[in-house]
1. Give region 32-59 a look and list any residue that's closer than 20 Å to A21 by Cα and loosely packed, with under 10 Cβ neighbours inside 10 Å, or say none.
2. Among the residues of region 17-65, how many are free of Cβ contacts under 8 Å to residues at least 24 places away in the same chain and outside any helix (DSSP H, G or I)?
3. For region 17-31, give me each residue that is open to solvent by 80 Å² or more (accessible area, probe 1.4 Å) and either at pLDDT 85 or above or among the polar types (S, T, N, Q) (or both).
4. Just name the residue that is nearest to V20 (Cα to Cα) out of those in region 60-74 that are open to solvent by less than 100 Å² (accessible area, probe 1.4 Å) and under 20 Å from the mean Cα position of the chain (by Cα).
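The values are calculated or read from the model by the stated rules, or taken from the named source; none is laboratory data. In this text the structure is predicted, and so the values were computed from the model without any measurement. Backbone-built Cβ (ideal geometry, glycine too); neighbour counts: all protein chains shown. Ligands, DNA and RNA are stripped out before the accessible areas are found, and what is left, the full protein with its side chains, is counted by its heavy atoms. Shrake-Rupley method; radii C 1.70, N 1.55, O 1.52, S 1.80 Å.
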Amino acid sequence: AYVKRIEFVFTPKHGSWLNVAECELSAMTRQCLSGRRIGELHELQEEIAAWSDSINDKQRGVDWQLQIGEARTKLARLYPQIKTG
């Protein structure tokens with residue numbers, strides 16, 4: 001039932017913060033849940049919380065490859081055009 005409620009949305013490789021979230025979900029699946037069957041929701045929540053605390057303690061960052069100006073140029077179609085006047 002839980003899997004049916006999850007909607008996976010794939011984003012472009014350099015799309016946005018959603019790509020970071022997708023990478024974190026992938027890492028969590030590989031590092032915390034891979035090859036395991038967890039039968040109870042509270043047990044799943046505890047496992048994910050422990051993994052999350054461990055990862056957050058490391059305070060990893062995201063190595064963005066584009067500066068804001070470059071992103072606005074290369075990804076211009078993603079930014080809304082505001083008309084004035």
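1. Of everything in region 32-59, those that are closer than 20 Å to A21 by Cα and loosely packed, with under 10 Cβ neighbours inside 10 Å turn out to be S34, D53, N56, D57, K58, Q59.
2. 12
3. Going through region 17-31, the residues open to solvent by 80 Å² or more (accessible area, probe 1.4 Å) turn out to be 17, 25, 30-31.
Those that are open to solvent by 80 Å² or more (accessible area, probe 1.4 Å) and either at pLDDT 85 or above or among the polar types (S, T, N, Q) (or both): L25, R30, Q31.
4. Taking region 60-74 and keeping what is open to solvent by less than 100 Å² (accessible area, probe 1.4 Å), we get 61-62, 66, 69-71.
When the remaining residues are screened for being under 20 Å from the mean Cα position of the chain (by Cα), the result is 61-62, 66, 71.
Values: G61: 10, V62: 8, L66: 14, A71: 16 Å.
So the residue we want is V62.
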